[in-house]
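Let me begin by presenting the structure, written as structure tokens, before commenting on it.
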Amino acid sequence: MLKITQIKCPPGEKLSVEHIARKLNCRPDEIRSFEIERESIDARRDELFFTYSVLADLRNEEPYLRRKDVVRGEKYVYPMPAVKNRPAERPVIAGFGPAGMFAALLLAESGLKPVVIERGKPVEERSIDVDRYFQDGTLDPESNVQYGEGGAGTFSDGKLTTRIKDGRIHKVLSELIEAGAPAEIAYQARPHLGTDRLRVIVKNIREKIVSLGGEVRFAARLDDIEIKDGRLAALRCGEERIVCHAAMLCLGHSASDTYEKLLGRGVDMIPKDFAAGVRVEHPQELINQCQYGAYASHPALSAASYSLTFRSSCGRGVYSFCMCPGGVVIPAATMAESLAVNGMSYSGRDGRNANSAILVQIPQKDFYRGSVMDGFAFQKKLEKKAWRNQTMAPTQNIRDYLNRQKSGQWVLDSTYPLGVVSVDMHSLFSEEAGMSLAEGFADFDRRIPGFVNTGIMVGMESRSSSPIRMPRNADGQALSCQGLFPCGEGAGYAGGIISSAVDGIRQAENLIAFLNASEF
């Protein structure tokens, strides 16, 4: 098997054996088979190309290994962990977002028949609650954009990009494809699913877990834990006591009530920096033009995205996050009389506006006053400030924000479904954070001309990451409780669908190793 890189293919043509043969200067019948490993778009020069890396099986490989763009390659095969010890008590997973879902899947595939408890509803019912929230602002505090099957990622762009390098990513992508995702996500440079596909995929993964002997309980919140002699003894879910010696905490970044209860039981947590900011919206055609230039309207190209970073004069990072091409801005609060927003795209990414979070770092000096829960309290304070006694979202033209003047009319109609109201967004942030945002906007305008003059701010974006971390040992267990495995974004170890799913698999492997080494 050979890995061949830098194979160019014009838009509108499907990559074929003939393209690879031209690259290698060989006959097409020398290539037995091939599989795309990576696809990217090159629109920087006078011509537009799709560029590919492939794994190919050739009749005679040796002559081609002298080329710089050819090396030996092999397909990744996930090594399933061996289960040697199956205790009577089934392992429990609290939370059914990407981390909990993929942890449960691996444990089910290993024959351990996990029990999953999830405070929200199954995706079919959850979608109804969320759609009603988008229509009239009626919030169900236990079934919303943050809580329920699939986690917060279910109502997002479904972005599958990550900065981590881990072979488990192949396992995640292959499971998503089996559950209904397009096969192209395995090799696209910036794959995404869209909320419409995700709602189907998470249900299919749940059904696979159940078919393998797992159990998923909805409207089942983790309310308490019992620790005896430094070891996990049981979990409490409502009135039910679940005897359990191995459990995973995949709670997500918004379950502050559960984290407070765990902290009271002695589970170690530490505060950490997080980020807050706004959603910005721009015409999608502006982003397309900036990224693709003369090819902006080419039918082979999907809606363009961007990734921006900046460091302000006071040292705070300002950056784009969860950019949603052709998407919508959505309400994402979990509490009454609070306002938080997020971004969401459908699989077609065919909306008129692009939106992205623009976030500024919130260091501990801004919020920490001695309690681990201070970061959550700070988030809630921001969301209460943004509420202003209405479901409408505070909004301002970016150029008016830079000029410190309220917007009289909008340069762009927002996609936010519950309406917007003109607010001086400086009033929502500290002077240092607000100044950092302003400096970031000015810098981004140099890289995307028109960023300032055509963009609007919609806020508050406050749920991008967890303000706490649950420290864990090298074997994945919580420092203060043997048999308890903190996991995913809420525990401070991931940031997005893929990295959360990978951490879920990793921690499931650690749980299996713990069971193998234990006597119950």
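Readers should treat all values here as calculations from the given coordinates under stated rules, not as data from a laboratory. Keep in mind that this is a model prediction, so the values were computed, not measured. Neighbour counts run over all protein chains shown; Cβ positions are idealised from the backbone, glycine included.
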Exercise. Put +1 on the Cβ of every Lys and Arg and -1 on every Asp and Glu Cβ in the range 2-72; which of Asn25, Tyr64, Ile36 then has its Cα farthest towards the positive end of the dipole?
Worked result: Tyr64
Exercise. Around Gly151, what is the net charge, scoring Lys/Arg as +1 and Asp/Glu as -1 over all other residues with Cβ under 10 Å from its Cβ?
Worked result: -3
Problem set entry | Which listed pairs, of Lys84/Lys203; Lys84/Lys121; Lys165/Lys381, have C-alpha distances above 32 Å, in listed order | Lys84/Lys121; Lys165/Lys381
For this session: Would you work out the charge dipole size for the chain about its Cα centre, treating the Cβ of every Lys and Arg as +1 and the Cβ of every Asp and Glu as -1, and quote it to the nearest 20 debye?
Result: 900 debye
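What dipole magnitude, in Debye to the nearest 20, does the range 2-72 give about its Cα centre under +1 on Lys/Arg Cβ and -1 on Asp/Glu Cβ?
On the way: 15 positive and 14 negative charges, 51 e Å.
Once rounded to the nearest 20, the dipole reads 240 debye.
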For this session: Output ³J(HN,Hα) for the range 181-191: one whole-Hz value per residue in order, computed from phi by the Karplus curve 6.51 cos²θ - 1.76 cosθ + 1.60 with θ = phi - 60°, and x for Gly and Pro.
Result: 6, x, 4, 5, 5, 5, 9, 5, 5, 10, x
Seminar exercise, completed: Restricting to lysines and to Cα separations under 25 Å from Lys23, and discarding same-chain partners fewer than 8 apart, the set is Lys3, Lys8, Lys14, Lys68, Lys75
Problem set entry | Gap separating the Cα centres of the range 320-386 and the range 444-520, nearest whole Å | 16 Å
Problem set entry | At R0 = 30 Å, FRET efficiency that the Cβ-Cβ distance of Lys8 and Tyr76 yields, to 0.05 | 0.75
For this session: Using θ = phi - 60° and the Karplus relation 6.51 cos²θ - 1.76 cosθ + 1.60, list the HN-Hα couplings for the range 374-379 in order, rounded to whole Hz, with x at every Gly or Pro.
Result: 4, x, 4, 4, 5, 4
Seminar exercise, completed: Semi-axes of the range 2-72 from the Cα gyration tensor (sqrt of 5 times each eigenvalue, largest first, whole Å) come to 21, 12, 10
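What's the ranking of 168-176, 346-354 by average number of surrounding C-beta atoms within 10 Å, highest first? Don't skip to the end; give the middle numbers.
Working: 168-176: 20.6, 346-354: 18.0.
Averaged packing, sorted descending, gives the order 168-176, 346-354.
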For this session: Enumerate the amide H contacts of Tyr493 below 5 Å, restricted to partners 5 or more residues apart or on another chain; note that Pro and chain-start residues carry no placed amide H.
Result: Gly488
Seminar exercise, completed: Projecting the Cα atoms of Ile456, Met392, Phe376 onto the charge dipole of the range 338-477, where Lys and Arg contribute +1 and Asp and Glu -1 at Cβ, the residue farthest towards the positive end is Phe376
Problem set entry | Listed residue (Ala340, Phe321, Ile362) projecting farthest to the positive dipole end of the range 307-434, Cβ model | Ile362
Exercise. Along the Cα-to-Cβ line of Ser313, 7 Å from the Cα, sits a label point; which residues in the range 436-460 have backbone N less than 12 Å from it?
Worked result: 436, 438-440
Seminar exercise, completed: Rounded to a whole number, the Stokes-Einstein D of the chain in µm²/s (Kirkwood radius over Cα pairs; 20 °C; 1.002 mPa s) is 88 µm²/s
Seminar exercise, completed: Taking 10-19, 217-226 and ranking on average Cβ neighbours within 10 Å, highest first, one gets 217-226, 10-19
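Work out how much length Glu240 to Met373 would gain on full extension: take 0.36 nm times their residue separation and subtract the Cα-Cα distance, in nm to one decimal.
On the way: separation 133, 0.36 × 133 = 47.88 nm, distance 2.68 nm.
Once the chain is fully extended between Glu240 and Met373, it gains 45.2 nm.
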Exercise. How far apart, in nm, are the 7 Å Cα→Cβ label points at Glu47 and Ile270?
Worked result: 5.4 nm
For this session: Quick one: which residues, 5+ away or cross-chain, put their amide H under 5 Å from the amide H of Cys322? H built at 1.01 Å from N.
Result: none
Exercise. Amide H neighbours of Thr334 under 5 Å, counting only residues 5+ apart in sequence or on other chains, H built in-plane at 1.01 Å?
Worked result: none
